[in-house]
Amino acid sequence: MLRRKRWLFAILAILPTLAIFAWLRMYPIFETLRLSLHKWDILSKNKPFIGLANFQELLKDRLFHEALLNTTIIAFGVLIITIPTAMVLAALIHYRTRSRVSGFYETAIFLPHVVSLVPAAMAWKWIFDARLGPLNAVLTFFGFEPQAWLFDPTLSIISVIVLCSWQALGYAVLIYLVGFKSLPVSLFEAAKLDGASGPQSFWFLSMPMLKPITLYVSVVTLVSGFNVYAQAFVLASDAQGAPGRQVRVLVLDMLENSFRNYRVGYAASEAVVLLLIVLVLTLIQFSLLRERGRA
Amino acid sequence: MAAVEIRNVAKSFGPTDIIRNVNVEVPDGAFVVLVGPSGCGKSTLLRMIAGLEDIDKGEIVIGGRVINDVEPKHRDIAMVFQNYALYPHMTIAENMGFSLRLAKQSKTEIARRVGDAARILGLTDYLHRFPKQLSGGQRQRVAMGRAIVRQPQVFLFDEPLSNLDAKLRVQMRGELKDMHARFKTTTIYVTHDQIEAMTMADLIVVMRDGVVEQIGSPLDLYDFPANMFVGSFIGSPAMNFLTGTVRQHDGQQVFETGSGFRLPVAAGAGASNGLAATLGIRPEHLTLSSRGEGLGGKIVTIEPTGSETFVVVQLGADKISALLRQRLTASIGDELWLAPQAGTTHLFDSATTKRLVSA
């Protein structure tokens with residue numbers, strides 16, 4: 001009897017949270033899945049079921065392919081830059097400056113993560129600016145050719161990757177720092193006596209022992225990388241100043257299809273593809289994490 | 001193998017002096033135990049020998065070479081940590097061979113040396129497991145194996161048995177001693193457990209507050225403690241201390257306790273009459289005596305263990321404990337008289353706490 005009462009209480013207690021969660025989180029996902037199988041132009045009442053037609057069209061859509069490719073390059077580019085840089089920076093902060101100024105470095109590196117995206121992107125737009133930007137000024141000072149960072153198709157993607165990495169770095173360093181602080185000191189002392197140098201300890205001990213942290217940070221970085229939008233929108237305008245065209249990304253493509261072309265069902269099918277990609281990548285990363293747990 | 005000399009070594013953390021002018025000579029091949037209560041500086045001293053702490057003053061010499069500024073890896077030492085410090089992501093074989101791998105030894109050489117060490121320690125079947133799949137005792141052996149494969153000049157042990165249960169501790173104590181007998185490698189072992197120190201050491205260094213209180217063989221320390229601290233620290237159950245005065249009584253020098261009991265002091269004791277002194281008597285050196293002889297009082301605790309009986313007797317304001325070989329029919333509240341065996345008491349100067357003479 002008591003047990004049943006407790007159950008009832010527990011369910012009643014979590015029901016409001018669960019309801020809000022379902023409404024805000026689950027419903028939009030299911031709605032997106034449903035919409036992806038329908039044709040809808042926002043305005044009309046009719047949403048005819050068209051099966052997988054949206055997905056079939058996606059296979060032939062050149063703009064979608066471009067957006068998917070750009071987004072994938074950006075997401076993995078950010079991952080490849082952020083993870084090693086964050087790990088090395090966290091190690092330097094942790095081992096080189098243990099107490100006195102480490103707080104300053106932590107804050108300095110974390111700050112980009114909390115700064116509003118648009119002003120930050122505007123600042124980087126100035127840095128990358130072909131004529132007025134300090135980056136080209138530095139390049140010409142050292143005798144290199146100035147580059148059209150935000151207009152060249154390849155360089156503009158690199159610019160977006162740099163901006164995204166700069167932002168992702170703060171969070172990744174913070175998580176790594178927590179990881180470094182949790183590593184037992186005696187292991188490193190033992191390694192010192194075993195003859196390991198600083199870099200060897202980092203390679204043979206810190207890196208493998210921080211694997212769970214690396215996996216977590218990778219998942220977070222990759223997922224946010226696939227959702228890149230504002231960075232590309234602000235940073236990479238085309239020659240006419242139309243924002244976002246230069247580096248077309250998936251989220252931008254979806255927005256255009258939804259609200260400019262009034263093809264919400266089609267945009268929903270893009271969202272489903274994005275969801276599947278992120279889901280598969282996350283599953284792969286989690287399975288790697290579990291493998292380590294078994295060892 | 002090598003001798004280790006610690007010469008006038010000092011260390012402080014900020015304003016706190018951890019080690020004060022310590023001098024210890026560890027002979028080649030000896031098993032030396034640094035023992036003392038928590039915070040006495042014994043672990044810090046060991047870490048200074050290992051190179052994990054800087055030496056503020058003085059010098060440490062290993063095998064005739066001053067190693068103050070020598071990197072830990074070049075000191076030719078191996079250390080076993082209290083928590084074993086095994087690398088959790090490496091197998092037992094990788095853990096044991098890690099130092100050889102860093103020293104760029106060939107794979108066959110590493111496998112041979114790890115295999116040899118594993119055979120000695122009975123770890124052959126566990127080489128492919130991970131540390132968390134082993135029991136505490138097995139992990140302890142792996143930590144020892146990691147030290148052995150390096151074939152160092154000196155072994156350092158930092159309270160290696162304190163994480164094990166009592167039974168395993170006794171077993172590992174024996175294994176460590178066997179190991180030392182086999183390799184004859186100079187060993188410096190830190191513990192706060194005086195039983196470990198007594199049973200394993202060739203030489204014990206008793207430390208307190210960063211100072212060496214006494215250095216000697218286990219039985220020397222037991223029989224001739226230099227001061228009250230060593231007397232109380234070495235031996236279990238702990239030594240009894242009775243405060244009183246040295247007096248002349250019936251033409252003989254005696255020690256009179258605060259409660260009025262008199263015990264003889266041997267002639268030529270070097271204690272002047274009227275000296276405020278403390279008499280140390282080990283519980284196991286007390287025997288039953290007839291009424292009026294020695295020390296008498298009411299029993300407050302009685303604990304029979306079969307082979308021995310532990311009793312605590314109230315002597316006026318003092319309490320005295322005794323470990324008796326025989327069984328007692330007495331019970332709490334009964335009167336009991338005890339007398340120390342001749343030549344087993346220790347007289348200390350109450351002011352300096354230093355030992356005066358064997359009374």
message: Just to verify a result, which residue in segment B:236-256, among those that are of a type in the set (Gly, Ala, Ser) and surrounded by fewer than 16 Cβ atoms within 10 Å (Cβ to Cβ), is farthest from residue B:218 (Cα to Cα)?
response: B:251
Matching residues, segment A:17-57, being outside any helix (DSSP H, G or I), aromatic (Phe, Trp, Tyr) and within 18 Å of residue A:254 (Cβ to Cβ): A:40
- request: Out of the residues in segment B:257-307 that are touching an Asp or Glu at 6+ places or on another chain (Cβ under 9 Å), loosely packed, with under 15 Cβ neighbours inside 10 Å and closer than 23 Å to residue B:332 by Cβ, state the one that is modelled with the highest pLDDT.
  value: B:298
task: Select, from A:193, A:205, the only residue that is under 30 Å from residue B:95 (Cα atoms), in contact with a Pro (Cβ under 8 Å, 6 or more places away or on another chain) and either surrounded by 14 or more Cβ atoms within 10 Å (Cβ to Cβ) or modelled with pLDDT of 85 or more (or both).
output: A:193
query: Can residue B:215 be described as in contact with a strand residue (DSSP E or B) (Cβ under 7 Å, 6 or more places away or on another chain) and buried (at least 23 other Cβ atoms within 10 Å of the Cβ)?
result: no
message: Taking the criterion of being more than 14 Å from every other protein chain (Cβ to nearest Cβ) and either more than 24 Å from residue B:144 (Cα to Cα) or of a type in the set (A, V, I, L, M) (or both), would at least one residue in segment B:69-87 satisfy it?
response: yes
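Yes or no, residue by residue, for (1) within 11 Å of another protein chain (Cβ to nearest Cβ); (2) not hydrophobic (A, V, I, L, M, F, W, C):
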position	(1), (2)
B:97	yes, yes
B:101	yes, yes
B:104	yes, yes
B:107	no, yes
B:118	no, no
B:121	no, no
B:130	yes, no
B:141	no, yes
B:144	no, no
query: residue B:171 passes all but one of (1) of a type in the set (S, T, N, Q); (2) surrounded by 22 or more Cβ atoms within 10 Å (Cβ to Cβ); (3) more than 24 Å from residue A:186 (Cα to Cα); which number fails?
result: (2)
task: Select from segment B:59-96 the residues that are farther than 23 Å from residue B:145 by Cβ and surrounded by 21 or more Cβ atoms within 10 Å (Cβ to Cβ) and list them in ascending order.
output: B:60, B:67
- request: Determine whether segment A:147-170 contains at least one residue that is assigned to a helix (DSSP H, G or I), within 14 Å of chain B (Cβ to nearest Cβ), surrounded by 20 or more Cβ atoms within 10 Å (Cβ to Cβ) and of a type outside the set (A, V, I, L, M).
  value: no
statement: Only one of B:213, B:196, B:175 is assigned to a strand (DSSP E or B) and among the acidic types (Asp, Glu), namely B:213
message: Suppose we filter B:42, B:132, B:107 for residues that are closer than 30 Å to residue B:8 by Cβ and of a type in the set (Lys, Arg); which single one remains?
response: B:42
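The values are calculated or read from the model by the stated rules, or taken from the named source; none is laboratory data. Remember, it's a predicted structure, so these values are computed and weren't measured experimentally. Quick reminder, even Gly has a Cβ in these numbers, built from the backbone with ideal geometry, and neighbours come from all protein chains shown.
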